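Please read the structure below before turning to the comments.
The values are calculated or read from the model by the stated rules, or taken from the named source; none is laboratory data. This one's a predicted model, so the numbers in the text were calculated from it and none came from an experiment. Protein only, heavy atoms only, side chains kept; ligands, DNA and RNA dropped before computing areas. Shrake-Rupley method; radii C 1.70, N 1.55, O 1.52, S 1.80 Å.
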Amino acid sequence: MVIRLNSAPTKGFERSVGSKTTIRVCGRNQICDSESDAETVLRHLYSQGILDRFIRDHKSYHGNSAPRLYAFHPSFTNYLMRIFPFDPSPAMTAVLLSMHLCVHVDLYGFAAPLKEHPPPSSQWGLDGRTAYWESGPPPRGAKDESPDPRELETLEFLERLMAVRFSMTC
């Protein structure tokens with residue numbers, strides 16, 4: 001099973017990230033679509049606008065050979081907001097979902113909490129890019145939407161419990 005976040009593409013990056021996507025988890029205020037009909041898209045319904053878009057997209061997919069589109073139940077979203085002292089990112093949601101579905105959870109593309117690979121100080125990454133598919137640093141004045149540092153601490157704790165494993169290469 002391969003879970004991807006938001007609109008992370010595989011096309012053009014197959015050598016680095018593979019081509020399989022089983023589930024795509026969309027974050028707060030993210031409208032992400034799938035790259036293939038075999039992919040399941042899960043969206044949080046944080047706002048009326050996101051709910052309206054979800055309903056419209058779901059109706060357009062009905063009866064087509066289009067991707068499977070589902071929403072996280074609002075009680076799950078509220079649960080996440082209650083159990084963490086921070087606003088969980090799509091990555092945290094995907095990690096928790098994987099831990100429920102899989103015996104072994106390997107995390108690729110995360111800033112691994114290892115001394116030889118310290119995490120970047122912000123989401124822009126070590127080379128100035130937000131993600132592997134972006135061509136350069138963020139636009140001047142762009143809002144830094146880095147996850148709360150407590151999220152990385154939580155992931156490191158899960159690694160110490162051997163519930164997840166950080167991996168550096170695909």
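A 1.4 Å probe over all protein chains sorts Ser36, Ser19, Ser89 by accessible area into Ser19, Ser36, Ser89, starting with the largest.
Looking at the square roots a ≥ b ≥ c of the eigenvalues of the Cα gyration tensor of the stretch 11-60, which shape do they give, rounded for a/c under 1.5, prolate if a/b is larger than b/c, or oblate? Because a/c hits 1.5 or more and a/b exceeds b/c, the stretch 11-60 counts as prolate.
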